[in-house]
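See below for the structure under consideration.
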Amino acid sequence: MRLGLSTNFNEGSAEKWAKKMVSLGCKSVVFPLNCDASDSEVDEYVAAAKANDLLIAEVGIWRNGIDRREEERKKNLEYSIKQLALADRIGARCAVNVGGSNGARWDGGYKENFSEEIWDKTVKMAQTIIDEVKPQNTYFTLEPMPWMVPTGPKEYLKLIEAVDRDRFAVHMDIINMINCPDRYFFHDEFLEETFDLLGDKIKSCHLKDIRLLDGFTFQLKECACGDGVFNIEKYVELADKYDMDMPMIIEHLSSDEEYISNIKYVKERLKANSILHQVGLK
């Protein structure tokens, strides 16, 4: 397992960025540049990551590739293709996006997200991006979401079969799939089911926590590791079972200070439970 952070600290140079990550105990990173960066800039960051044993886990896309507006959809697909090409060039574990929504909010929840039409568009979107780039060194992946395809491991497996491309794989955000009482209260069992179905297809993981709010009706809140009930230890152990270099990226915190505090917390918690030694993280 290789811990990482989804912030890049704006260090100003590739060398300072890499040294900062290493000083915090990171072993994996989200690539801090996008397809608009120059070749020389990209090369500098790739070299700095390699020199500091930082695995490049992800190149983010974060655009709605099935947008209802034709011009926006075309722009988003073009950007997706360029980002996947960048990921392939630098040998990132994956380029990652979400499936996309059929509403005004690019990552929002809508009834139409679960229509047969949107399923077909999601499949076609993934196929189009992969076929255009023909990646050899990376994978195109979709992060699971609570309210768009794919929402769970069985649905993700069905999507993999429908896309039918060797370079389509899994980006795992297990918290995003905990969207009902059964998965929340029995998340240990849900973890086992998910890794049984998808474990050998996962290229990178997000790491965070979840808790149930007190008010009605059933309300779940994503939160920082340690502020919820999630079995982080089991998550890490299952991921390591399939890939000893699996990236685990801590995300969605509000400040650099919170990221620094949380990675320290995660390492101390894993160490206290003898997980650090088991997964080879020092």
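Under the convention that each Lys and Arg Cβ holds +1 and each Asp and Glu Cβ holds -1, the size of the dipole of segment 147-282 around its Cα centre is about 180 debye. Applying 0.36 nm per residue to the separation of Leu157 and Lys264 and subtracting their alpha-carbon distance, the gain on full extension is 35.1 nm. Sites listed here are chymotrypsin sites (Phe, Trp or Tyr not before Pro) in segment 150-250 whose DSSP assignment is loop and whose Cβ has at most 15 other Cβ atoms within 10 Å: Phe186, Phe216, Phe218.
The reciprocal of the average 1/r between distinct C-alpha atoms defines the Kirkwood hydrodynamic radius, which for segment 73-183 equals 14.2 Å. With 0.36 nm allotted per residue and the present C-alpha distance subtracted, the His252-Thr128 stretch has 41.7 nm of extension available. Accessible area per residue for the chain is 47 Å², calculated with a 1.4 Å probe on protein heavy atoms, without ligands, DNA or RNA. For Ser115, the solvent-accessible surface with a 1.4 Å probe is about 40 Å², rounded to the nearest 10.
Under the criterion of Cα pairs below 8 Å and six or more residues apart, the relative contact order for segment 168-235 equals 33 percent.
Look at the alpha carbon pairs under 8 Å that are at least 6 residues apart: their mean separation over the length of the chain gives a relative contact order of 19 percent.
Measuring nothing but protein heavy atoms, the accessible surface of segment 15-163 at 1.4 Å probe radius is 47 percent carbon and sulfur.
By DSSP, what percent of the beta bridges with both residues in the chain are antiparallel, rounded to the nearest 5? So the antiparallel bridges amount to about 20 percent of the total.
The accessible-area ordering, largest first, of the residues Lys208, Lys158 stands as Lys158, Lys208, per a 1.4 angstrom probe. Label positions at Glu71 and Glu112, each projected 7 Å from the Cα along the C-beta direction, are separated by 1.9 nm.
Secondary-structure-derived ellipticity at 222 nm for the chain, considering helices only, amounts to -14000 deg cm²/dmol, per-run term -39500 (n - 2.57) for DSSP H runs with n ≥ 4. For a distance above 27 Å, tell me the whole-number percent of Cα pairs in the chain that qualify. When every Cα pair of the chain is considered, 38 percent fall beyond 27 Å. The equivalent ellipsoid of segment 111-270 has semi-axes of 27, 20, 15 Å, largest first, where each one is the square root of 5 times an eigenvalue of the Cα gyration tensor.
Extending each Cα 7 Å along its Cβ direction at Asp166 and Asn8, get the distance between those two points in nm, one decimal. Taking the two extended label points, one gets 3.1 nm.
Measuring between alpha carbons in the structure, the pairs from Lys111/Lys154; Lys27/Lys158; Lys16/Lys221; Lys124/Lys221 lying more than 28 angstrom apart are Lys27/Lys158; Lys16/Lys221; Lys124/Lys221.
About the centre of its Cα atoms, the chain shows a dipole size close to 320 debye [charges on the beta carbon of Lys, Arg (+1) and Asp, Glu (-1) only; nearest 20 debye]. Taking the charge dipole of the chain about its Cα centre, with +1 at Lys and Arg Cβ atoms and -1 at Asp and Glu Cβ atoms, the residue from Pro135, Ser6, Ile232 reaching farthest to the positive side is Ser6. All C-alpha to C-alpha distances of segment 61-119, sorted into 10 Å bins beginning at zero, yield P(r) values of 24, 46, 24, 6 percent in whole numbers.
Bridges between two residues of segment 169-276, per DSSP, are antiparallel at a rate of about 40%.
The values are calculated or read from the model by the stated rules, or taken from the named source; none is laboratory data. The model shown is predicted, which means the values in this text are computed figures rather than measured ones. As a convention, Cβ positions derive from the backbone with ideal geometry for all residues, glycine included, and neighbour counts pool all protein chains shown. When the accessible area is computed, the model is the full protein with side chains, heavy atoms only, and any ligands, DNA or RNA have been set aside. Shrake-Rupley method; radii C 1.70, N 1.55, O 1.52, S 1.80 Å.
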